[in-house]
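As structure tokens, the structure follows; a few thoughts come after it.
The values are calculated or read from the model by the stated rules, or taken from the named source; none is laboratory data. Because the structure is a prediction, the values reported are computed rather than measured. Backbone-built Cβ (ideal geometry, glycine too); neighbour counts: all protein chains shown. What goes into the accessible areas is simple: the full protein's heavy atoms, side chains included, and nothing from ligands, DNA or RNA. Shrake-Rupley method; radii C 1.70, N 1.55, O 1.52, S 1.80 Å.
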Amino acid sequence: MKLAGLKSIDDAHDESVWAVTWVPATDSRPALLLTGSLDETVRLWQPDELVNRGKMTGHCLGVASVAAHPSGRIAASASLDSFVRIFDVDTNNTVASLEAPPSEVWQLRFNPQGTMLAVAGGGSASVKVWDTATWDIVATLSIPRPEGTKPTDKSSSKKFVLSVAWSPDGRRIACGSMDGTVSVFDTDRAKFLHHLEGHFMPVRSLVFSPVEPRLLFTGSDDAHVHMYDAEGKTLVGAMSGHAGWVLSVDVSSDGAAVATGSSDRTVRLWDISMRGAVQTMSNHTDQVWGVAFRPGGMPGRLASVSDDKSISLYDYS
């Protein structure tokens, strides 16, 4: 497995680019790349030349996360302004605007079935789940307090929820917190199941394998990538090599590789079976906030975005 650089665009945004995802293809167009930035905009790009296909405005602070509905028709952006904007990808028309209290909107992800949108709830120490038919909150998945703490203790602030991921069957949600805790929930029953331990610094990104539904990958400020059996509560592997925080992690659609972006300014490709890095890409000149594999088969594509305002696109084979 290897990455080969295809295209990079400098000044893709006016400020740091914090988020990236792929919008699935529809009958009328190919898959597109979606990016979100500190410049308060979301932008669409057509691979492989990274031609700009549109600029979405509507937030009044930086965009911290973007997510695409599996239909490819709508997408969502979460901003530091505490709003989640749902919009039509092809027209930019607003479908819904979801408001949360300050500091309670971080990473967001649609479930694989497209019926729910999960939002990492920051200071609320919870994950909020919205129904995509009505845009009503249908569940608040709260991380339980550690045993022995009083309601007045400040410990809840340490469960600041930064990241969220759905299992491929949509029956599990995992979230990563500022204190390094990973929490797993049963979505059918809206019930907390257990914690996954091993990180001691913020977990800013996590993703389930599309091939092994129990396998969860996490990236942390401790510079490690962990592999967990999310059902068995066990740490099954740990990979290290970055010289800084792991800010983003994604897994290839064949389940064989993991890509990471780091504050050390590099993108790394990891062979899951070898439990080690097989390639380091140094296209960026500042920290890499987002990496995203294109879903589906070959030819494989990986995109990365950075504080240096650039986007890089790679062939994955």
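Observations
- Strands (runs of 3 or more DSSP E) within region 6-115 that include 1 or more residues within 28 Å of Arg265 (Cα to Cα): 17-23, 32-37, 42-46, 51-56, 63-68, 74-79, 108-110
- Residues in region 73-96 that are more than 18 Å from Gly114 (Cβ to Cβ) and among the hydrophobic types (A, V, I, L, M, F, W, C): Leu80, Phe83.
- Single residue of Ser77, Ser71, Ser65 found to be in contact (Cβ under 8 Å) with a residue 40 or more places away in the chain and open to solvent by 20 Å² or more (accessible area, probe 1.4 Å): Ser71
- Each residue in region 259-317 was checked for being open to solvent by 50 Å² or more (accessible area, probe 1.4 Å), among the hydroxyl-bearing types (Ser, Thr, Tyr) and closer than 15 Å to Val246 by Cβ, and 1 pass.
- Total residues in region 167-179, condition part of a loop (DSSP other than H, G, I, E, B) and either among the hydroxyl-bearing types (Ser, Thr, Tyr) or crowded, with 19+ Cβ neighbours inside 10 Å (or both): 2
- Consider region 224-245 and keep the residues that are touching a residue at least 40 places away in the same chain (Cβ under 8 Å) and among the hydrophobic types (A, V, I, L, M, F, W, C). The one that is nearest to Ser282 (Cα to Cα) is Trp245.
- Residues that are within 20 Å of the chain's Cα centre (by Cα) and surrounded by fewer than 22 Cβ atoms within 10 Å (Cβ to Cβ), drawn from region 185-196: Asp186, Thr187, His195
- Count - residues of region 200-234 that are farther than 20 Å from Lys159 by Cα, open to solvent by 60 Å² or more (accessible area, probe 1.4 Å) and among the hydrophobic types (A, V, I, L, M, F, W, C): 1
- Hey, Gly232 assigned to a loop (DSSP other than H, G, I, E, B), at pLDDT below 95 and closer than 27 Å to Ser177 by Cβ or not: yes
- Only one of the numbered conditions (1) closer than 25 Å to Asp186 by Cα; (2) open to solvent by less than 10 Å² (accessible area, probe 1.4 Å) is not met by Ser103, and that is (2).
Matching residues to (1) over 30 Å from Leu33 (Cβ atoms); (2) open to solvent by 40 Å² or more (accessible area, probe 1.4 Å):
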| site | (1), (2) |
| --- | --- |
| Val89 | no, no |
| Arg109 | no, yes |
| Ala118 | no, no |
| Gly122 | no, no |
| Val127 | no, no |
| Pro144 | yes, yes |
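- Those residues of region 100-145 which are in contact with a helix residue (DSSP H, G or I) (Cβ under 8 Å, 6 or more places away or on another chain) and among the small types (Gly, Ala, Ser), in sequence order: Gly123, Ala125
- Verdict on Asp153 being open to solvent by less than 40 Å² (accessible area, probe 1.4 Å) and at pLDDT below 90: no
- Unique match (being assigned to a strand (DSSP E or B), of a type in the set (Phe, Trp, Tyr) and either closer than 13 Å to Ala125 by Cα or modelled with pLDDT under 95 (or both)) among Phe200, Phe192: Phe192
- Look at region 195-216: where a residue is free of Cβ contacts under 8 Å to residues at least 60 places away in the same chain and among the basic types (Lys, Arg) and a partner is surrounded by fewer than 18 Cβ atoms within 10 Å (Cβ to Cβ) and part of a strand (DSSP E or B), sitting 6+ places away or on another chain with Cβ atoms under 7 Å, you get Arg214/Asp229.
- Positions within region 203-213 being charged (D, E, K, R) and at pLDDT below 95, in sequence order: Glu212
- Search result, residues across region 116-136 that are over 16 Å from the mean Cα position of the chain (by Cα) and part of a strand (DSSP E or B): Ser126, Trp130, Asp131
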